[in-house]
Amino acid sequence: MDYCCNSYKTMTRRNVLQATGAGLATLLTMSVRSLVVHAGQDRKAAADHVILLWMSGGMSHVDTFDPKPDNAAIAGEFKSINTSADGIQLGEILPLTAKQMKHASLVRSLHGAEGDHGRATYNLLTNYRMTPQLVHPSLGSVVVSQLAQQGDLPAFVSVSGRALSSGYLGQKCEAYYIGSAGTPDPYAKLPDGLTHIRANKRLELLQQMNKQYASTRTDDLFDATQGTYAAADKFMHSPALKAFDLDAEKPETRAAYGDSSFGRGCLLARRLVDEGVRFVQVNLGGFDTHSNNFTTMRRLGGIIDPAIGSLLSDLAASGKLDRTLVLMMSEFGRTPTINSNAGRDHHPGVFSALLAGGGLKKGTVFGASDADARKPKDQPVTPGDIHATICHQLGIDPETRVETPLGRPMRLVDEGTPIKSLLTG
Amino acid sequence: MAVRRLRVFTVSLGACTLIAAAAFSLRTETFAATPAKSERRSNAPQHIDVLIADAAKSKNLTPLPICDDPAFLRRATLDLIGRIPTYDEYQLFFKDPAPQRRENLLQRLLNSPAFVDRWSVFFGEMLNVRSREEYGRGLDLFIRKSLADKKPYDQMAREMISAAGSTKGAQPAGFLLAENGDPFQLAAKTTHVFLGTRISCAQCHNHPFDTWKRRQFYGVAAYFGKTRLYFPNDQANAPVVTDDQNNVVHWPPNNKKAPPLDPAWPFPVESKTNLQEVLDRRNAKLEARTADEILVDRSPASSSSPLRKDNDFAYLDSARDTMEDAAEKIRLAPTRDKLAELVTSAQNRLFAETFANRLWAELLGRGIVNPVDDFRADNPPSNPALLKFLGEEFVASDYDIRAVLHTIMLTQTYQRIHASADSPNRKLLEENFCAAPLRRMFAEQVYDSIVVAGHLTRPKHRPGQNLRQVSETLVIAREKNPPAPEKPVAPQPAEKMTPTEKAPAENADAEIDDLLSNPEEKVKMLAGVEMLADPQEVLKPTTPERRPAKDYTYEYKRITRVYDFNPSFSTAFEIRAPAPPEHFLRQFGQSPRQLLGDQRDQQPALRQALILMNGDLANEAARLGELEPLFRLLAEENLQPAIRRIYIDILTREPTAAEHASAQSLLATAATRADSLSDLRWTLLNSLEFRYLP
């Protein structure tokens, strides 16, 4: 019920509520602004990059990361399998991921507050509840708003599906969008018939003209506007662009990720991180298994399992996993009970997320669902806690405040604390 | 008068229905010059300048002089019809004797059909109209029709707030449908949009930075407490909006046993005595109206078309309502009628001031109350006398949007030059309306201006001159165990491969050929790639995992085809909004039109530069076509006329001597004249001077 103005919670709430006079309200406005502190600078980052694997539609937790082998009514068709991490079992559709579990950790007590796809997606990706007043930025935008860009590629890339808007963080924190991994970006190269010589001449002339224009008048966005042309030119000519060319990988590597756009997306994510991209979001839909849950999940397992398995094993082998945090989550889980269409329905009560690398503990499970996989049994985790954990590992203070264009202070992470026992050191 | 109005309306609606297709001409026809009779105070612009000068004096600021004619032409054309002037319009402007030029231009622009398109987008952003959705489409049409009809603003607002009945067609009820009839959302939206006030935080707690009490917010919501939507079982019919007997807004909140709360108006009401002079002028204007204008019925109850046939109710999805009940209710929304009256009353100063302030901000880059949706005690107007004056002028004009725009644009304040780059008090001058701030074109203005500057409103190459070859993968879906008769999904081009159309399997290849030989399809495909540059839509179905795999097999077929690349573009103000996130318009900051307070994002971005450097729009605008007037100038020995034409086409001004020289030296180094002129055009189209209003 307090969802409108969550950011004010850290102010003494009673004072705010008692403030009715305009004069006092002014004072409060000022005091809120003075609270804006960027405390992140002195933090030490354990990770530099994030790969978010976003399973859209509500991925069944029971069939993947939180199997209940002893309860046939819940488990349905799927068995559980052992993994390379002691004592952790996964659903049978994830054999290759199971092999990599020694590198990863699970949170099995994640719970959300929304049962609608749109609202839940918003909640999981922004850690705020959807309100009519403000659009909050999604995790990738938050991360890139706080970290310096590395390399020539955009800091935030979203693959085969959109990231949510960057909200009040503005256009500069929007995701750069790749429709389908392995397909060339139509805007990354010059149009047919235009030589680089001509293109350079155009830019040179443009610079002269702009210089002349800016000598007589000025605007705060002149430099930024011209900067985008320089950045675009750099982007088009950057050797880093080769990251988008998946043909550069060995055929057996490509095969290992699976012949699917999600598999190619994971491979691309790995290559983008190598070029300094801070946050890659790879999207896959189709998890809304209201009917034929097991057929669908077996098919989807065939897509996600080789992709995640290969991504984790490649990153671990190259040592990149140490500085790259892989997060896999969905907007909610699915009902443990199987409905009359052999499907599972929306279940935000408890579900799971996978976290690997980025300096987090490996081969462990945090929190548990109850025997029915219905509610958190202990140590409940909120979306905000996940966000805070990611920020913490990247050296970003989750309590950092940013101002909306209207001057309203907002916390990067609304209410959440890093999951201490997943942090090392 | 009646004839002209009818024509305007027809043009507007006719064009609306054709939005999806790509190749229409942008409106560049010469406007009919029809100076309207003016009931305004004739010295209103001068009075505004005095109010600005008084305020400036107290801050030791001296207002800057007014801009030259070409700058005014460009600025006013962009503001009123959303694009730069064409070469012909430039010529026409200078045909008038200097003292009448600006006034004549304003009359032409205010009466142009393109004015309706451009300002419907202004309304669309103000009201978050999502015209890709059915209800939003109806509301969008309502707005376009209202603007074409020159409907007074208060009447538009009244019709939206008090809408009842079927929502089919051009209907104001989309205002209610957009919020699903939710009383709290509607209270928030009504106060936000029409009264520039953010009271919705008070839904959950007393407002921290303002004086709004939770109960006051609930009192406004109660006006919408009886609003109900009925959704038809049948997809073909539109939802129906009506009022129920029961008010769902209770006080205190979260208590199911709490009684319904009576609606209560929390905003100040001005005495009629204080408004007498303004109301007299408004009445004089009303009386002066010609008979055909009075035909527009202004009573709220008749504002939406009541249902007439009994079978119109057959689809009401309501178990407990009899048809008679529903029929009765559908015509009535008395609680909202009351609210509509309160909101739009002249005695509610906020209503007129909020909108006049929005118009001011649109033209001057900054509201007198800024931001425009944040009227409150702690955010006072920078010039209270000016705000009051504008509000009263708006009422006196009988809420005539064009009249207020006209008044503002005739002021020296609107016509000032920019402060110089090295001026130490540039920001102060701009904030106090003593210098024109640098305003960036918004997305639709950028798009349309590139289109007209590059003569892309119609094909500019001869047919067959620009054959291009493309390779692409088609996916052909076939049913695994086809029942007879066999009906697999037809192959579709990569741009739009959603398997919707059906065709016999044996004809699959023929279908492809057919598709490729159809010139209209090519244009559409082109539009799919460039205008609706939405890679997600383009590419999503090529991957088998998204399909119901068990029923179909997929054949991937690599084909090469040749098409004639000779694009033309329609106006961006008719593209349904909000465009997909990857679209040119969104990438250039079009409002997502989702939440209250959503607005344009004017920040530059890498993607924008890439689109202009490598995308078709800017490159095709720059490329020289044989059918362009410019092409003839290319053959002449002296290229000065060509260079001049390019500068006027793109920057609405004559080139300087230095610019002539620089362009000549560019020509000297290029492989061909056509290439070098196209490089010059590209450069001008991408320049800061192009992107900023003069």
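Below, the figures for the structure above:
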{"quantity": "Filter pass, B:Asp280 being modelled with pLDDT of 80 or more and either surrounded by 17 or more Cβ atoms within 10 Å (Cβ to Cβ) or part of a loop (DSSP other than H, G, I, E, B) (or both)", "calculated": "no"}
{"quantity": "Residue that is nearest to the chain's Cα centre (by Cα) [pool: residues in region A:283-329 that are assigned to a loop (DSSP other than H, G, I, E, B) and surrounded by 22 or more Cβ atoms within 10 Å (Cβ to Cβ)]", "calculated": "A:Phe287"}
{"quantity": "A:Lys189 at the interface with chain B (Cβ under 9 Å from one of its Cβ atoms), of a type in the set (D, E, K, R), out of contact with any strand residue (DSSP E or B) (no Cβ under 9 Å at 6 or more places or on another chain) and not in a helix (DSSP H, G or I)", "calculated": "yes"}
{"quantity": "Within region B:188-204, tally of residues that are modelled with pLDDT of 95 or more and of a type in the set (A, V, I, L, M, F, W, C)", "calculated": "3"}
{"quantity": "Where a residue in region B:274-290 is under 16 Å from B:Phe394 (Cα atoms) and its partner, wherever it lies, is assigned to a helix (DSSP H, G or I) and among the basic types (Lys, Arg), with Cβ under 9 Å and at least six apart", "calculated": "B:Leu275/B:Arg349"}
{"quantity": "Pair list, Cβ < 8 Å and 6+ apart or interchain, from region A:298-315 residues that are β-branched (Val, Ile, Thr) to residues that are part of a helix (DSSP H, G or I)", "calculated": "A:Ile303/A:Phe262; A:Ile303/A:Gly263; A:Ile303/B:Glu545; A:Ile304/A:Thr97; A:Ile304/A:Phe262; A:Ile308/A:Leu96; A:Ile308/A:Thr97; A:Ile308/A:Cys266"}
{"quantity": "Within region A:176-201, tally of residues that are free of Cβ contacts under 8 Å to residues at least 24 places away in the same chain and surrounded by 20 or more Cβ atoms within 10 Å (Cβ to Cβ)", "calculated": "5"}
{"quantity": "Matching residues, region A:330-351, being within 19 Å of the chain's Cα centre (by Cα) and either buried (at least 24 other Cβ atoms within 10 Å of the Cβ) or of a type in the set (Val, Ile, Thr) (or both)", "calculated": "A:Ser330, A:Glu331, A:Phe332, A:Gly333, A:Phe351"}
{"quantity": "Pick from region A:202-211, criterion farther than 23 Å from B:Arg439 by Cβ and facing another protein chain (nearest Cβ under 7 Å), ranking: surrounded by the most Cβ atoms within 10 Å (Cβ to Cβ)", "calculated": "A:Arg202"}
{"quantity": "Of all residues making up region B:575-596, the number that are farther than 30 Å from B:Val475 by Cβ and either surrounded by fewer than 23 Cβ atoms within 10 Å (Cβ to Cβ) or at the interface with chain A (Cβ under 7 Å from one of its Cβ atoms) (or both)", "calculated": "7"}
{"quantity": "Pick from region B:254-273, criterion among the aliphatic types (A, V, I, L, M) and free of Cβ contacts under 8 Å to residues at least 60 places away in the same chain, ranking: nearest to B:Phe389 (Cα to Cα)", "calculated": "B:Ala264"}
{"quantity": "Residue tally, condition part of a loop (DSSP other than H, G, I, E, B), in contact with a strand residue (DSSP E or B) (Cβ under 6 Å, 6 or more places away or on another chain) and farther than 25 Å from A:Phe279 by Cβ, over region A:331-366", "calculated": "3"}
{"quantity": "Failed item in (1) out of contact with any Pro (no Cβ under 7 Å at 6 or more places or on another chain); (2) surrounded by 19 or more Cβ atoms within 10 Å (Cβ to Cβ); (3) at the interface with chain A (Cβ under 9 Å from one of its Cβ atoms); (4) not in a loop (DSSP other than H, G, I, E, B), with B:Ile646 passing the rest", "calculated": "(3)"}
{"quantity": "Among (1) more than 10 Å from every other protein chain (Cβ to nearest Cβ); (2) touching a Leu at 6+ places or on another chain (Cβ under 6 Å); (3) closer than 21 Å to B:Ser568 by Cβ; (4) crowded, with 17+ Cβ neighbours inside 10 Å, the one test that B:Ala674 misses", "calculated": "(4)"}
{"quantity": "Extreme residue, nearest to A:Gln149 (Cα to Cα), among residues of region A:233-268 that are within 9 Å of chain B (Cβ to nearest Cβ) and not in a helix (DSSP H, G or I)", "calculated": "A:Ser260"}
{"quantity": "Residue list for region B:570-618, restricted to those being assigned to a helix (DSSP H, G or I), in contact (Cβ under 8 Å) with a residue 24 or more places away in the chain and among the aliphatic types (A, V, I, L, M)", "calculated": "B:Ala572, B:Leu585, B:Ile611, B:Leu612, B:Met613, B:Leu617, B:Ala618"}
{"quantity": "Qualifying residue in region B:242-262 (condition: under 31 Å from the mean Cα position of the chain (by Cα) and either away from chain A (no Cβ under 14 Å) or modelled with pLDDT of 85 or more (or both))", "calculated": "yes"}
{"quantity": "Filtered residues of region A:208-232 (kept if under 16 Å from B:Phe690 (Cβ atoms) and not in a helix (DSSP H, G or I))", "calculated": "A:Thr216, A:Arg217, A:Asp219, A:Leu221"}
{"quantity": "Single residue of region A:192-201 satisfying the filter (assigned to a helix (DSSP H, G or I) and more than 8 Å from chain B (Cβ to nearest Cβ)) that is nearest to B:Gln469 (Cα to Cα)", "calculated": "A:His196"}
{"quantity": "Test: residue in region B:650-669 that is in contact (Cβ under 8 Å) with a residue 24 or more places away in the chain, closer than 19 Å to B:Leu73 by Cβ, facing another protein chain (nearest Cβ under 9 Å) and buried (at least 19 other Cβ atoms within 10 Å of the Cβ)", "calculated": "no"}
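Every residue, every condition in (1) in contact with a helix residue (DSSP H, G or I) (Cβ under 8 Å, 6 or more places away or on another chain); (2) at positive phi; (3) facing another protein chain (nearest Cβ under 10 Å), yes or no:
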position: A:Leu147; (1), (2), (3): no, no, no
position: A:Pro154; (1), (2), (3): yes, no, yes
position: A:Ser166; (1), (2), (3): yes, no, yes
position: A:Tyr213; (1), (2), (3): yes, no, yes
position: A:Asp223; (1), (2), (3): no, no, yes
position: A:Ala231; (1), (2), (3): yes, no, yes
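The values are calculated or read from the model by the stated rules, or taken from the named source; none is laboratory data. Keep in mind the model is a prediction, meaning the values are calculated, not measured. Virtual Cβ from ideal backbone geometry, glycine too; neighbours counted across all protein chains shown.
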